[in-house]
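Working notes, beginning with the structure itself.
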Amino acid sequence: MTEAVLLVGGRGTRLRPLTVNTPKPMVPAAGVPFLAHQLARLKEAGVDHVVLATSYLAEVFEPYFGDGTALGMRLTYITEDEPLGTGGAIRSAADALESGPSDPVLVLNGDILTGLDIADLVRRHRAAGAAVTLHLTRVEDPRAFGLVPTDATGRVLAFTEKPTGPDEIVTDQVNAGCYVFRRDVIDAIPAGRAVSVERETFPGLLADGAHLLGVVDRTYWLDLGRPDAFVQASADLVRGVVPSSALPGTPGEYLVLPGARVAEGAKLGGGTVVGAGAEVAADAVVEGSVLLAGARVAEGAWIGRSLLGAGARIGPRTVVDGAVVGDGAVVGAGNELRGGVRVWCDTRLPDVSVRFSSDC
Ligand code: GDD
Ligand code: MG
């Protein structure tokens, strides 16, 4: 038996306005809440009990996933009244674990899409007899992550969360947000107060001489913390770049969910997903984008690498390129939203009438 703790309690502030009404792991990617893809991967890795450590909008998880029977695994939900940080959440979850003191327990950030062989990470953890084993990946710009230099044997030398200056950037190896903990290491995290596993637990373990093993793996890896990454991850799931058994359909250039309507003459591609009840009108183009349930795209609009929230409406001939339109927002005809623009939920942007006349 292998158990896992999934950290799903963060506020997802960098993903606003997507996370105003929905916690980050429940925002649909490729047609289902992102968490469904993570649970499917855990199941395939032999995990049969997952403890979901919730906090922000905690009440929405259980009604969707229930006790896990439909997924063939057991799910337990724990909720912090006040967010206790990553370490505090892991410690709270320990009360629901059934593993013995020296058993391996997987711990995953709830916003990571990866092709990592999770079962192999557990095997390597056991073989090394490590206190904690960390999945590491290499990135071009490590500033937004936890930096984890290792020696030639993979032994972790330091852990620097979100380096503050160039002198702290000593490696491009970063914490990929998937760990195997020996269960008694989790039990040793102080209970009942906020703890950051990255800023307190890992540096503390290293100072005490504990064996932390880093496993560098360069398969697909993405942190979905920012809108562009979220949209990219959804498109990659739809196209099968990273396979997921939770995909509600077969991999291809687009995915249209039941109840959606796509007019003849509309063009979909690049891993676009059209959610239940969403509509794409004639002559509209939608490339590499996410249309959540009930979103509507009018004729002649062009949507690329963007996310349209539930019930959002895009007017005729409007361009939305690399932008996020919040739930229920209405963008009138002829607008141009580009490069990282975020339209807040329920905002109304009026039509833009372009006149090509000399007095313009
Ligand atoms: N239950 C609970 N309570 N969960 C939390 C809390 C909390 O107080 N705070 C954060 N989480 C969850 C988030 O929901 C997310 O799934 C995970 O913990 C990590 O939080 P993020 O806010 O996404 O952190 P990050 O992306 O800035 O940094 C983390 O991930 C990077 C890899 O993507 C760190 O672990 C970095 O070291 C790492 O490189
Ligand atoms: Mg993150």
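The values are calculated or read from the model by the stated rules, or taken from the named source; none is laboratory data. The structure displayed is predicted, hence computed values, not measured ones. All Cβ positions, glycine included, derive from the backbone under ideal geometry; neighbour counts span all protein chains shown. In case anyone asks, the SASA skips ligands and DNA or RNA and just uses the protein heavy atoms, side chains included. Shrake-Rupley method; radii C 1.70, N 1.55, O 1.52, S 1.80 Å.
For the reader, a short list of remarks on this structure follows.
- Within segment 1-17, residues that are assigned by TED's automatic domain parsing to the domain that holds GLU82 and open to solvent by 10 Å² or more (accessible area, probe 1.4 Å) reach partners that are among the aromatic types (Phe, Trp, Tyr) and within 16 Å of ligand 2 (Cβ to nearest atom) with beta carbons closer than 6 Å, at six or more positions or on different chains, in the pairs GLY9/TYR56; ARG11/TYR56.
- Residues of segment 6-46 that are near ligand 1 (Cβ under 9 Å from one of its atoms) and in contact with a strand residue (DSSP E or B) (Cβ under 8 Å, 6 or more places away or on another chain): LEU6, LEU7, VAL8, GLY9, GLY10, PRO23, PRO25.
- For segment 48-83, residues that are touching a residue at least 60 places away in the same chain (Cβ under 8 Å) and within 16 Å of LEU108 (Cα to Cα) total 0.
- Options ARG91, ARG14: the member that is within 16 Å of ligand 2 (Cβ to nearest atom) and farther than 20 Å from ALA246 by Cβ: ARG14
- Of everything listed in (1) closer than 22 Å to PRO25 by Cβ; (2) touching a Lys or Arg at 6+ places or on another chain (Cβ under 8 Å); (3) within 16 Å of ligand 1 (Cβ to nearest atom), the single unmet condition for ARG218 is (1).
- Of the residues in segment 109-122, at least one is within 16 Å of ligand 2 (Cβ to nearest atom), within 23 Å of LEU15 (Cα to Cα) and either open to solvent by 40 Å² or more (accessible area, probe 1.4 Å) or among the hydrophobic types (A, V, I, L, M, F, W, C) (or both).
- Residue within segment 162-183 that is within 20 Å of the chain's Cα centre (by Cα), surrounded by fewer than 20 Cβ atoms within 10 Å (Cβ to Cβ) and not assigned by TED's automatic domain parsing to the domain that holds VAL280 present: yes
- Positions within segment 78-96 being open to solvent by less than 50 Å² (accessible area, probe 1.4 Å) and within 21 Å of the chain's Cα centre (by Cα), in sequence order: ILE78, GLU80, LEU84, GLY85, THR86, GLY87, GLY88, ALA89, ILE90, ALA93
- Strands (runs of 3 or more DSSP E) lying entirely in segment 165-223 (those with 2 or more residues that are within 16 Å of ligand 2 (Cβ to nearest atom)): 173-182, 221-223
- Among (1) in contact (Cβ under 8 Å) with a residue 40 or more places away in the chain; (2) open to solvent by 50 Å² or more (accessible area, probe 1.4 Å); (3) more than 22 Å from LEU52 (Cβ to Cβ), the one test that ASP187 misses: (3)
- Criterion: in contact with a Leu (Cβ under 7 Å, 6 or more places away or on another chain) and either acidic (Asp, Glu) or surrounded by fewer than 22 Cβ atoms within 10 Å (Cβ to Cβ) (or both) - qualifying residue of GLY154, GLY100: GLY154
- Reported count of residues in segment 157-189, each being more than 15 Å from GLU140 (Cβ to Cβ) and touching a strand residue (DSSP E or B) at 6+ places or on another chain (Cβ under 9 Å), is 18.
- Qualifying positions in segment 124-143 - in contact with an Asp or Glu (Cβ under 9 Å, 6 or more places away or on another chain) and without any contact (Cβ under 8 Å) to a residue 24 or more places away in the chain: ASP141
- Restricting segment 224-240 to residues that are under 30 Å from HIS125 (Cα atoms) and more than 16 Å from ligand 2 (Cβ to nearest atom), the residue that is surrounded by the fewest Cβ atoms within 10 Å (Cβ to Cβ): GLY240
- Single condition VAL27 does not satisfy, out of (1) away from ligand 2 (no atom under 12 Å from the Cβ); (2) within 12 Å of the chain's Cα centre (by Cα); (3) over 18 Å from LEU291 (Cα atoms); (4) of a type in the set (Val, Ile, Thr): (3)
- Among (1) in contact with a helix residue (DSSP H, G or I) (Cβ under 6 Å, 6 or more places away or on another chain); (2) among the aliphatic types (A, V, I, L, M); (3) away from ligand 2 (no atom under 16 Å from the Cβ) - the single one LEU35 does not satisfy: (3)
- Qualifying residue in segment 77-85 (condition: modelled with pLDDT of 95 or more and either closer than 18 Å to THR2 by Cα or basic (Lys, Arg) (or both)): yes
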